[in-house]
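For reference, the structure is listed below as structure tokens.
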Amino acid sequence: MQRSHLILVDDREKTPLPFPAHLVVRTGPCPWHPGSATISLSTSGRRLPTGDYVLASHPFAGCVERKAHLSELANNLFDEKRYRLFADEMDRLRSTFTHPLLLVEGSPT
């Protein structure tokens, strides 16, 4: 198991997510076989061609596209110009990464 990971953060992120310096992860095969390891995390700002967060060691495995507010997502869905850009972004995520993720922050109320 790799013990440290570099997370690439798109340099256009206005308020990047805070990542802990260390993360304890479960390593046992199931709940009744306990085991854990400590992973070191670090970040580096870069211009990413698509998405907002990518693991440097696995650049095509997963990517996170973040919408910081429900209103940001709504603007992307209901404004014609923004919708086209958003749809293109979603297409790039699907065609580039095996595990793309859309993270939407906010409350439904």
In the range 46-58, what count of residues is obtained for those that are part of a loop (DSSP other than H, G, I, E, B) and open to solvent by less than 60 Å² (accessible area, probe 1.4 Å)?
6
Working only within the range 14-27, note down all residues that are loosely packed, with under 12 Cβ neighbours inside 10 Å, at pLDDT 90 or above and part of a loop (DSSP other than H, G, I, E, B).
Lys14, Thr15, Pro18, Pro20, Ala21
Within the range 28-78, track down each residue that is of a type in the set (Asp, Glu) and at pLDDT below 95.
Glu72
Where residues in the range 60-98 are assigned to a loop (DSSP other than H, G, I, E, B), over 18 Å from Thr15 (Cβ atoms) and in contact (Cβ under 8 Å) with a residue 12 or more places away in the chain, which of them is most open to solvent (accessible area, probe 1.4 Å)?
Phe60
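The values are calculated or read from the model by the stated rules, or taken from the named source; none is laboratory data. What you see is a predicted model; the values in this text were computed from it and never measured. A quick note on method: Cβ atoms are made from the backbone with ideal geometry, for glycine too, and the neighbour counts reach across all protein chains shown. Side chains are part of the model used for accessible areas, which takes the heavy atoms of the whole protein and leaves out ligands, DNA and RNA. Shrake-Rupley method; radii C 1.70, N 1.55, O 1.52, S 1.80 Å.
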